[in-house]
1. Give Leu25, Leu70, Leu34, Leu21 a once-over and let me know the one that is within 11 Å of the ligand (Cβ to nearest atom) and outside any strand (DSSP E or B).
2. Residues of the range 114-131 being surrounded by fewer than 18 Cβ atoms within 10 Å (Cβ to Cβ) and part of a loop (DSSP other than H, G, I, E, B), which ones?
3. Quick check on the range 37-56: of everything there that is assigned to a helix (DSSP H, G or I) and either aromatic (Phe, Trp, Tyr) or within 16 Å of the ligand (Cβ to nearest atom) (or both), which residue is surrounded by the most Cβ atoms within 10 Å (Cβ to Cβ)?
4. Could you name every one of the strands (runs of 3 or more DSSP E) located completely within the range 238-343 that has at least 2 residues being out of contact with any helix residue (DSSP H, G or I) (no Cβ under 7 Å at 6 or more places or on another chain) and more than 26 Å from Gln28 (Cα to Cα)?
5. Restricting attention to the range 200-215, which residues are of a type outside the set (Lys, Arg), touching a helix residue (DSSP H, G or I) at 6+ places or on another chain (Cβ under 7 Å) and at pLDDT below 95?
6. Of all residues in the range 1-18, count the ones that are surrounded by fewer than 18 Cβ atoms within 10 Å (Cβ to Cβ) and within 16 Å of the ligand (Cβ to nearest atom).
7. Restricting attention to the range 277-331, and to residues there that are within 12 Å of the ligand (Cβ to nearest atom) and of a type in the set (Phe, Trp, Tyr), which single residue is nearest to the chain's Cα centre (by Cα)?
Amino acid sequence: MSNIRTFDILVVGGGMIGSALALGLSRQGWRVGLVEGSDRASLVERPCPAEDVDGFEPRVSAISVASQQLLENLGIWRAVVKDRHCPYQNMNVWDGEGTGRIHFEAAELQARALGTIVENRTIVRALFGALDASDVALIDGVKVTGWWQDGDQRGVELADGHRLGAQLVVAADGANSRLRQWVGLPTREWDYDQQAIVCTVKTAQSHRFTAWQRFSPTGPLAFLPLLSESGDEHFCSIVWSQDTDEARRLMALDDVQFVAELEASIERQMGAVESVSRRFAFPLRQRHAKDYVAPGFALVGDAAHTIHPLAGQGANLGYGDVRALQDELSRAHSAGLSPAEPLVLARYQRRRKAENLAMMAAMEGFKQLFARDELPLRWLRNTGMRWLDGLGPIKHRLAAEAMGLSR
Ligand SMILES: Cc1cc2nc3c(=O)[nH]c(=O)nc-3n(C[C@H](O)[C@H](O)[C@H](O)COP(=O)(O)OP(=O)(O)OC[C@H]3O[C@@H](n4cnc5c(N)ncnc54)[C@H](O)[C@@H]3O)c2cc1C
């Protein structure tokens, strides 16, 4: 082991989830290493001011109030706010095939916002800024290519031939986690046979700090509000999840045809769509690891679970993992235990699996309910939405759940 660099905890993957975890664990006093395949310079590169649709990052997340609190505790939310972000006070969800509609308002919940739309890169940039000033050993620009285990020693192999060792290795290497596969943690997964089309648009009218979501049998369309540096309220990030054939058809349209379909689908809530950025399509797959932990090993974020983007909860579930693993490891540190202590990891798994599964099941139910066109189901969802909209306490409970405040 003498020529191997070793840590208490090694986090693999410096995305939104892994870099937050590494930062938090280092502050608890653990010796932490973070391996990220991309170069640090490319991750922290500042974007141009966003005064047109191509100035925004295509990938954004609706950060819940609970996730915001985690990022505040890490001391990086201020850097996010100084960069680009858009708090939203309203959410409008409706059934494109009927009359069902639900409207959520932050004011009803005595909250300043229901959540904040942030470009994923903005969060990563803020986290890397804080990592620079931390004790985390960042190993960037090199990929992990393998996993090794020798008795109770374990670690990873890097593409440059080096090996790293740690008492606990945490995989935060995203949905297609190679580490999860090398360690041999199986998943339950299925294809939604849908793709999410993601792009940025500029609309004739303001988004009114509202997240809009219209459901149709072929999938939901979300308009998520963005703010440019100069405070322009006419930009939205689009997540249009559609059955694969329909998504392919939409991707093949030219911008004029695409915009015409987009305007019709969102029922011109913000008037005309004046411009549209380049479009990206992501295949959608539900995936859930049967176990999140193995001896000296844990999964967090998309490496443990991926979920349909219809409720914008993927990154929020990942931050829930970060919160739980940090709590458990903080207690272990105070008690002088190893970070790989099996009871510590078992408690982490118990806390997160149930909650993640519940959210995944709810999303699946939602998706199925709106995918069906039979009259009784249409009646049920329209009546249900109208009924829910009129029921203050239950509606507030649902909103608190989405904001991550009920945990
Ligand atoms: C269309 C779409 C819309 C979404 N909208 C929302 C939303 O509104 N709200 C929300 O909460 N979530 C949303 N999500 C989900 C969210 O984007 C993900 O849950 C989140 O990005 C996962 O972060 P992560 O850090 O776990 O993984 P990733 O972001 O995938 O990061 C993994 C990191 O690991 C690195 N890596 C991978 N392999 C290796 C290796 N071998 N060696 C070294 N490094 C490696 C990668 O370079 C990367 O930096 C959406 C997802 C999609 C597809």
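1. Leu21
2. Result: no residue meets the conditions.
3. The extreme case among them is Leu43.
4. Answer list for the range 238-343: 280-289.
5. Of everything in the range 200-215, just one residue is of a type outside the set (Lys, Arg), touching a helix residue (DSSP H, G or I) at 6+ places or on another chain (Cβ under 7 Å) and at pLDDT below 95, namely Phe215.
6. 1
7. If we take residues in the range 277-331 being within 12 Å of the ligand (Cβ to nearest atom) and of a type in the set (Phe, Trp, Tyr), then Tyr319 is nearest to the chain's Cα centre (by Cα).
For every residue, the table says whether it meets (1) farther than 30 Å from Trp147 by Cα; (2) β-branched (Val, Ile, Thr); (3) crowded, with 17+ Cβ neighbours inside 10 Å.
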| residue | (1), (2), (3) |
| --- | --- |
| Cys236 | yes, no, yes |
| Leu253 | yes, no, no |
| Arg268 | yes, no, no |
| Arg287 | no, no, yes |
| Lys290 | no, no, no |
| Asp302 | no, no, yes |
| Thr306 | no, yes, yes |
| Gly318 | no, no, yes |
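The values are calculated or read from the model by the stated rules, or taken from the named source; none is laboratory data. Computed from a predicted structure; not experimentally measured. When we count neighbours, we look across all protein chains shown, and the Cβ atoms used for this are built from the backbone with ideal geometry, even at glycine.
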